[in-house]
Amino acid sequence: MDLPKHRPTPTTSLRDASDSSTGSWDALEWTKIEPIARFVSPANLDFLLDDERVVAEGHGVVLVNTDDAGVLIVTNFRLIFLSEGTRKVIALGTIPLATIEKFNKTAVKVQSNTHQSDKTPTQRLLQVIGKDMRIIVFGFRPRTKQRRAIYDALLKCTKPPVLWDLYAFTTGPSSFKNTSPMVRLLDEYFRLIGKASHRASMDMIESGSFTLSNDLWRISSVNSSYTMCQSYPFALVVPKSISDDEVLQACKFRARCRLPVISWCHPVTGAVLARSSQPLVGLMMNMRSNMDEKLVAALCSNRDGSRRKLYIADARPRKNALANGAMGGGSESSSNYFQSEILFFGIDNIHAMRESFVRLREFMDTHGRTSSDGMSSFLRHGGSIWGGGNLSSMSASVSTLGDSGWLLHVQNVLAGAAWIAARVAMEKASVLVHCSDGWDRTSQLVSLANLLLDPYYRTFRGFQALVEKDWLAFGHPFSDRVGTPSISGSGNMSFELPRQQSSTSIIPSSPMRQPSGTFVSQPPVSSHAHNSNNYSPIFLQWADCVSQLLRMYPFAFEFSAAFLVDFLDCMLSSRFGNFFFNSEKERLQCNVFDSCGCLWAYLADRRTSEGSSTHAHCNPFYDPLKYSGPLLPPAAALAPTIWPQFHLRWACPEEAQGGELEAQCRKIILKNSEMQKAKEVAERKAREYTIAMESLNAELRREKLLNISSMNTAKRITKENTDIKRAIRSIGCKIHISSSGDCIVDIENNPVEARPNLYCSSRQGSRQGSRQGSRQGSSSALINDKKDLSVSVTEDDDDDDDDGNNVIGRICESLCPFRTGDGGCRWPNGGCAQLVISSPSEPRIFFLIRLR
């Protein structure tokens with residue numbers, strides 16, 4: 001909650017009464033409050049949603065719950081309270097108009113210690129009661145007519161005369177476009193009968209080609225035009241052995257024609273969970289229907305033709321079922337339904353649930369930190385023990401919580417759903433569930449049993465499919481129970497919302513909170529566009545049951561308690577059209593699917609935009625492998641507690657932080673995710689470095705091998721050069737090596753005769769060539785880098801009569817180290833003497849010496 005940082009003009013808190021020691025409406029010095037400067041300008045309205053516009057403003061308003069001063073704004077969607085100091089939206093004082101259950105004006109004239117009571121100013125208050133467990137009180141300065149302006153704006157905006165003036169229709173689908181829930185319902189039916197490979201479409205619905213089937217069950221289009229039952233969906237899953245004509249005959253025996261149809265079927269055993277309304281057996285309980293009995297018997301069919309046991313679970317107390325017989329209703333007789341057993345769960349009706357919820361809300365407001373009278377629960381009874389409270393008052397508060405009966409009702413619903421799930425999962429029996437009309441307690445029990453039986457419904461997608469199937473498609477009257485928009489009249493709808501007249505009932509004050517002053521209260525105005533006698537928090541109670549299961553099985557649900565709270569807030573706010581009206585038929589008539597945004601798309605977008613894995617809606621403990629089967633809680637575990645995230649968030653905001661552990665876990669998961677990403681980056685870089693090192697090592701090995709090869713070649717060449725030098729020296733030749741690497745060999749074997757000069761050139765590589773000496777009669781030798789050593793000798797001789805063989809012999813005798821004295825060769829197989837005459841005019845002799 002955003003609290004103001006400073007106040008230009010101090011006010012007297014309702015908690016800080018110096019003249020009264022009891023809990024009462026204390027006197028604010030309203031006449032001394034200076035008008036607050038208008039700071040709400042179009043430039044400061046960045047907190048407004050798309051298409052949200054300001055209708056009225058009230059300045060110098062005090063939020064009595066927290067003693068905050070600020071500005072109260074009425075828009076076409078919300079009642080917004082802005083803090084004077086921080087100019088931020090204070091959550092407690094900001095509530096969607098559709099979430100307001102009722103509001104009324106109250107004038108408080110506080111008793112004064114002086115005798116001039118006539119001059120005591122009257123406190124002008126506006127009390128707003130929400131459907132989300134909060135009671136808000138705003139205080140206005142007298143003689144400013146601001147309270148009248150706010151009150152009139154609330155009257156106008158909470159019940160617009162035309163349906164299209166509602167914010168959901170004004171803003172349109174926007175970025176949260178709503179796909180047809182009828183298509184999603186068919187997809188869920190396909191999954192249930194084992195035809196998940198098929199995908200539904202609007203073309204399939206329009207052509208009526210969605211009537212698929214398996215061995216036992218089929219999808220029927222008998223109600224495609226809603227002529228059989230206006231509160232049932234267009235498609236129904238019924239036994240394959242029952243024809244559409246028989247379905248039409250059987251529906252006449254059930255209240256509002258809500259005949260037994262299949263809600264869920266076990267994929268292995270074939271056991272089913274069915275739902276319906278009460279049978280019309282009459283006062284004497286003697287009316288029967290052969291078609292109804294045949295249809296119910298078909299729910300017990302096995303694939304081998306045998307029959308399984310049938311349980312008929314009546315959600316009502318037995319006395320209520322008997323009382324309904326006076327109006328034509330009643331309950332089944334086990335003698336009329338083969339192998340059946342009938343049980344009564346004793347769950348109270350919508351009126352008992354409404355009264356219990358009101359008492360629970362009053363308890364939270366009375367004993368919370370931010371009570372609507374501005375007083376802490378510790379100071380309510382005075383005294384000096386325990387910070388102002390006393391033990392007896394605390395004990396009384398606990399007793400009051402028990403007197404509300406809310407937790408007992410929640411336990412009864414949970415116990416009934418657990419019993420149904422156990423019969424289907426453990427006994428492989430079929431269960432038919434109904435109450436009176438089959439859309440309140442029946443929806444609670446069937447959807448909870450589905451949640452326990454099928455782990456798919458414990459995911460985000462499955463939870464959406466469950467709500468759309470068992471609550472929306474099967475006609476839970478959200479307009480009557482929650483106060484969402486409704487269609488008035490029948491037949492040709494005018495799409496008008498009637499203006500509700502002010503109720504004549506007055507909200508009673510708690511005996512513990514009787515003021516010391518005088519109240520002048522106007523009758524409260526309900527924000528419902530229907531008879532408030534039909535209002536009941538049935539769906540909210542079901543969400544409370546889901547939260548209890550989530551608390552018991554924290555590893556079994558993909559979503560968190562925070563998701564359930566946001567989901568309920570969106571549903572109550574009527575920002576989206578998913579929960580408008582009382583049935584699928586009415587929503588289709590008003591074209592809600594195309595005209596309004598989609599709640600599911602909005603919630604999914606929040607998870608995606610803010611990070612799906614670490615979002616507050618995601619359960620950090622979710623482990624789908626741990627609970628891959630049904631959840632079957634024992635009776636001892638079904639002990640519900642206050643749902644802190646929903647029940648305590650307004651009255652006890654500090655104690656409502658039940659999700660702090662989840663938040664810390666998300667932070668740890670986020671850090672772990674970041675570390676995991678850093679680890680992946682480091683591992684990727686390490687792999688790159690490893691590859692680079694391997695490449696460098698390979699290159700190094702290649703270089704090493706080349707180096708070794710070069711060294712071996714150099715050693716070989718050195719050895720060959722040594723051998724050549726030794727051979728040349730052995731024949732008495734002198735070797736001169738120049739700086740360029742050229743080697744000059746002078747032969748001096750016969751000093752008397754003219755000795756030829758030999759010119760030897762040594763080169764590496766595969767190239768061969770010769771270098772011409774400066775003198776005639778020079779010989780050149782060419783050495784390459786291979787194993788063979790080629791020596792080229794050119795001799796200039798004046799004796800033209802010598803043939804090539806004599807020349808070869810003389811040179812061989814002079815140069816070859818393997819030549820024997822008798823003209824033989826020590827290496828006859830060497831093949832080292834090869835004569836190559838490159839030119840007739842200049843004969844050149846090559847000796848190829850192979851060194852091993």
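Just a few scattered comments:
- With both labels modelled 7 Å from their Cα along Cα-to-Cβ, the residue 609 to residue 144 distance reads 3.4 nm.
- Span from the segment 189-217 Cα centroid across to the segment 308-354 one, whole angstrom: 33
- Using the average count of surrounding beta-carbon atoms within 10 Å as a protection proxy, the listed peptides 82-91, 304-313 rank, highest first, as 82-91, 304-313.
- Amide H within-cut-off set for residue 312, under 5 Å, with H built and near neighbours excluded: 341, 342, 343, 432
- Length gained when the stretch residue 399-residue 341 is fully extended (0.36 nm per residue, less Cα-Cα span): 17.1 nm
- FRET efficiency, 1/(1 + (r/R0)^6) with R0 25 Å, evaluated for residue 327 and residue 248 via beta carbons: 0.55
- Net length gained if the chain between residue 197 and residue 569 were fully extended (0.36 nm per residue, minus Cα distance): 130.4 nm
- Sites residue 701 and residue 678 - FRET efficiency at Förster radius 30 Å, r taken between beta-carbons, to 0.05: 0.30
- Taking amide hydrogens as placed 1.01 Å from N in the peptide plane, the amide H of residue 79 sits under 5 Å from those of 95, 97, each at least 5 positions away in sequence or on another chain.
- Cα→Cβ-extended label distance, 7 Å offset, between residue 309 and residue 411, nm: 2.6
- As a length-normalised measure over Cα pairs under 8 Å and 6 or more apart, the relative contact order of segment 590-706 settles at 21 percent.
- Distances between placed amide hydrogens fall under 5 Å for residue 619 paired with 559, 560, all partners being 5 or more residues away or on another chain.
- Positive-end residue of 233, 266, 255, charge dipole of segment 229-268 with Cβ unit charges: 255
Read-outs: derived from the displayed coordinates by stated rules, not from any lab. The shown structure was predicted, so the numbers you read here are calculated from the model rather than taken from an experiment. Cβ coordinates were reconstructed from backbone atoms using ideal geometry, including for glycine residues, and neighbour counts include every protein chain displayed.
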